[in-house]
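Enquirer: Let me begin by handing over the structure; questions about it come next.
The values are calculated or read from the model by the stated rules, or taken from the named source; none is laboratory data. Note that the structure is a prediction, hence the values are computed from the model and not measured. Counting neighbours? That spans all protein chains shown, and the Cβs are built from the backbone with ideal geometry, glycine included. Only protein heavy atoms, including side chains, enter the accessible area calculation; ligands, DNA and RNA are left aside. Shrake-Rupley method; radii C 1.70, N 1.55, O 1.52, S 1.80 Å.
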Amino acid sequence: MIRIPFNRPFATGKEIDYIRAAIATPKLSGDGPYTAQCHGLLEQSLGIQKALLTTSCTHALEMAALLLEIEPEDEVIVPSFTFPSAANAFALRRAKPVFVDIRADTLNIDESQIEQRITERTKAIFVVHYAGVGCEMDTILAIARRHGIGVVEDNAHGLYGRYRGRYLGALGRLATLSFHETKNFTCGEGGALLINDAQFNERAEILREKGTDRSRFFRGEVDKYTWVDIGSSYLPSDLLAAFLRAQLEHRDQIQSRRRQIWEAYARELASWAKTNGVRLPIVPPECEQSYHMFYAIMPSLESRQALISHLAGLGILAVFHYLPLHLSPMGLRFGERQGDCIVTENLSDRLLRLPFFTGMSTSEQSQVIDAVRAFRC
Ligand SMILES: Cc1ncc(COP(=O)(O)O)c(C=O)c1O
């Protein structure tokens with residue numbers, strides 16, 4: 001039986017008050033007062049010009065693909081080591097994902113391999129700040145500028161992480177966030193699109209509101225609303241925004257607790273890792289991470305599986321992470337082969353994530369640390 005889960009969603013206590021208040025208002029659908037408050041909190045804290053809540057990070061990525069007008073036969077650069085959502089967003093537009101390998105240190109897209117994969121069909125680069133540690137954005141943005149293509153930051157992991165002092169999500173033309181229950185800030189399922197290029201503002205609102213100009217209508221800018229473009233329903237209920245507002249307002253409490261947990265793992269497992277040939281996360285000096293996850297890179301697939309079983313035997317759930325997208329059934333359909341992203345293939349087999357959640361008690365974390373230290377590779 002699992003005693004210490006991999007994740008346990010955290011609530012600050014304020015969520016229920018805001019949900020009660022939301023129920024008392026005449027508006028439960030999207031873009032009510034709580035949604036506006038979340039937009040304001042994100043825009044002010046990140047110093048960005050526009051945030052739009054969405055029903056998931058996946059949907060925010062789909063909106064990014066629509067805004068960049070990704071079309072059939074276009075190519076989009078994406079790391080193989082990520083969740084399927086980014087690649088799926090442009091596969092939905094019948095565009096082709098071009099998978100790039102990751103760096104062995106941060107597990108972020110290897111910026112030195114991007115330019116050689118750019119062709120005249122390349123429309124965008126989608127990057128992921130893995131574990132909330134920033135990609136080498138100066139280099140990536142310079143490549144994108146040289147080729148006149150857009151950069152989208154999939155920042156599902158990295159809200160409030162920084163790269164060279166600037167917030168992740170404020171660097172690309174567009175960026176996305178996830179508020180799924182496993183993330184630092186959550187409303188169960190949810191996300192946001194961050195818009196750093198104001199030319200997308202109006203169309204983003206239309207795409208998110210079923211292809212209509214309803215947002216303008218609600219602001220009193222037009223006297224009726226109608227179908228003006230393609231779109232879908234990407235806006236969450238104000239009830240979810242009420243939950244999320246409580247979380248975003250507790251940024252300092254949430255982030256400082258997560259930092260303590262992360263640092264305790266790093267400190268307490270350092271000598272075990274050294275003795276057993278295990279690699280712990282690397283955070284380059286130019287990055288301030290978001291304290292989203294704690295992982296270990298084990299010496300082999302066998303030792304990774306053995307540690308998962310050892311922990312499960314003690315009632316502790318540790319998990320692996322992304323399977324290489326280029327070798328997934330969908331990735332293979334785009335003509336990818338084993339050996340195309342060797343660092344991804346190697347590290348994906350060996351990576352293990354330890355239980356990590358805001359409400360984790362010191363005693364729970366000590367049990368995990370003791371259990372890991374008792375394992376020999
Ligand atoms: C990098 C990345 N992008 C996107 C997603 C999808 O997020 P959501 O569940 O909010 O759609 C995930 C899921 O964890 C993720 O890890």
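Enquirer: Taking the residues in the stretch 80-97 that are outside any loop (DSSP other than H, G, I, E, B) and more than 9 Å from the ligand (Cβ to nearest atom) as candidates, determine which candidate is surrounded by the fewest Cβ atoms within 10 Å (Cβ to Cβ). Quick ask: steps written out before the conclusion?
Expert: Kept after step one, since they are outside any loop (DSSP other than H, G, I, E, B), are these residues of the stretch 80-97: 84-91, 96-97.
Checking the rest, the ones that are also more than 9 Å from the ligand (Cβ to nearest atom) come to 87-91, 96-97.
On the way: Ala87: 27, Asn88: 16, Ala89: 29, Phe90: 27, Ala91: 19, Lys96: 19, Pro97: 25.
My answer is Asn88.
Enquirer: Sticking with this structure for a sec: Taking interchain pairs and intrachain pairs at least six residues apart, which have beta carbon atoms under 6 angstrom, with the first residue in the stretch 89-111 and within 27 Å of Phe294 (Cα to Cα) and the second part of a helix (DSSP H, G or I) and open to solvent by less than 10 Å² (accessible area, probe 1.4 Å)?
Expert: Phe99/His326; Asp101/Thr344; Ile102/Thr344; Leu107/Tyr130; Asn108/Tyr130; Glu111/Ile140
Enquirer: Next up: Looking at the stretch 157-179, can you tell me whether even one residue there is within 16 Å of the ligand (Cβ to nearest atom), charged (D, E, K, R), outside any strand (DSSP E or B) and at pLDDT 95 or above?
Expert: No; the residues of the stretch 157-179 include none that is within 16 Å of the ligand (Cβ to nearest atom), charged (D, E, K, R), outside any strand (DSSP E or B) and at pLDDT 95 or above.
Enquirer: Just name the residue that is least open to solvent (accessible area, probe 1.4 Å) out of those in the stretch 116-135 that are more than 16 Å from the ligand (Cβ to nearest atom) and either within 19 Å of Ile342 (Cβ to Cβ) or in contact (Cβ under 8 Å) with a residue 60 or more places away in the chain (or both). Spell out how you get there, then give the answer.
Expert: Filtering the stretch 116-135 for residues more than 16 Å from the ligand (Cβ to nearest atom) gives 116-123.
Among the residues that remain, those that are also either within 19 Å of Ile342 (Cβ to Cβ) or in contact (Cβ under 8 Å) with a residue 60 or more places away in the chain (or both) are: 116-117.
Details: Gln116: 132, Arg117: 86 Å².
Only one residue fits best here, namely Arg117.
Enquirer: Here is a further query. Being within 23 Å of Asp101 (Cβ to Cβ) and not in a loop (DSSP other than H, G, I, E, B): is that true of Leu311 here? Please lay out each step first, then the result.
Expert: Values: within 23 Å of Asp101 (Cβ to Cβ): no; not in a loop (DSSP other than H, G, I, E, B): yes.
When the stated conditions are applied, Leu311 does not pass them.
Enquirer: Hey, any hits in the stretch 22-37 for a residue that's modelled with pLDDT of 95 or more, crowded, with 20+ Cβ neighbours inside 10 Å and within 22 Å of the chain's Cα centre (by Cα)?
Expert: Yes; the residues of the stretch 22-37 include at least one that is modelled with pLDDT of 95 or more, crowded, with 20+ Cβ neighbours inside 10 Å and within 22 Å of the chain's Cα centre (by Cα).
Enquirer: Between Asp197, Asp154, which is over 14 Å from the mean Cα position of the chain (by Cα), at pLDDT 95 or above and of a type in the set (Asp, Glu)?
Expert: On the way: Asp154 fails: over 14 Å from the mean Cα position of the chain (by Cα).
Answer to the check: Asp197.
Enquirer: Taking the condition open to solvent by 10 Å² or more (accessible area, probe 1.4 Å), more than 16 Å from the ligand (Cβ to nearest atom) and not charged (D, E, K, R), does Pro72 pass?
Expert: Values: open to solvent by 10 Å² or more (accessible area, probe 1.4 Å): yes; more than 16 Å from the ligand (Cβ to nearest atom): yes; not charged (D, E, K, R): yes.
Yes.
Enquirer: Which pairs do you get when a residue that is at positive phi, found in the stretch 271-296, comes within reach of a residue that is part of a loop (DSSP other than H, G, I, E, B) and open to solvent by 20 Å² or more (accessible area, probe 1.4 Å), reach meaning Cβ atoms under 8 angstrom, with the pair 6+ apart or on two chains?
Expert: Gly277/Pro299; Gly277/Cys377
Enquirer: For the stretch 351-377, enumerate the residues that are of a type outside the set (A, V, I, L, M, F, W, C) and part of a loop (DSSP other than H, G, I, E, B).
Expert: Taking the stretch 351-377 as the starting set, the residues that turn out to be of a type outside the set (A, V, I, L, M, F, W, C) are 353, 355, 358-359, 361-367, 370, 373, 376.
Passing the criteria: Pro355, Thr358, Gly359, Ser361, Arg376.
Enquirer: Can we say Ile109 is over 28 Å from Ser237 (Cα atoms), of a type outside the set (Phe, Trp, Tyr), in contact with a helix residue (DSSP H, G or I) (Cβ under 8 Å, 6 or more places away or on another chain) and surrounded by 24 or more Cβ atoms within 10 Å (Cβ to Cβ)? Break it down into steps so the answer makes sense when it comes.
Expert: Working: over 28 Å from Ser237 (Cα atoms): yes; of a type outside the set (Phe, Trp, Tyr): yes; in contact with a helix residue (DSSP H, G or I) (Cβ under 8 Å, 6 or more places away or on another chain): yes; surrounded by 24 or more Cβ atoms within 10 Å (Cβ to Cβ): yes.
Considered against the rule, which asks whether it is over 28 Å from Ser237 (Cα atoms), of a type outside the set (Phe, Trp, Tyr), in contact with a helix residue (DSSP H, G or I) (Cβ under 8 Å, 6 or more places away or on another chain) and surrounded by 24 or more Cβ atoms within 10 Å (Cβ to Cβ), Ile109 comes out as yes.
Enquirer: Does the stretch 39-53 include one or more residues that are part of a helix (DSSP H, G or I), within 16 Å of the ligand (Cβ to nearest atom) and aliphatic (A, V, I, L, M)?
Expert: yes
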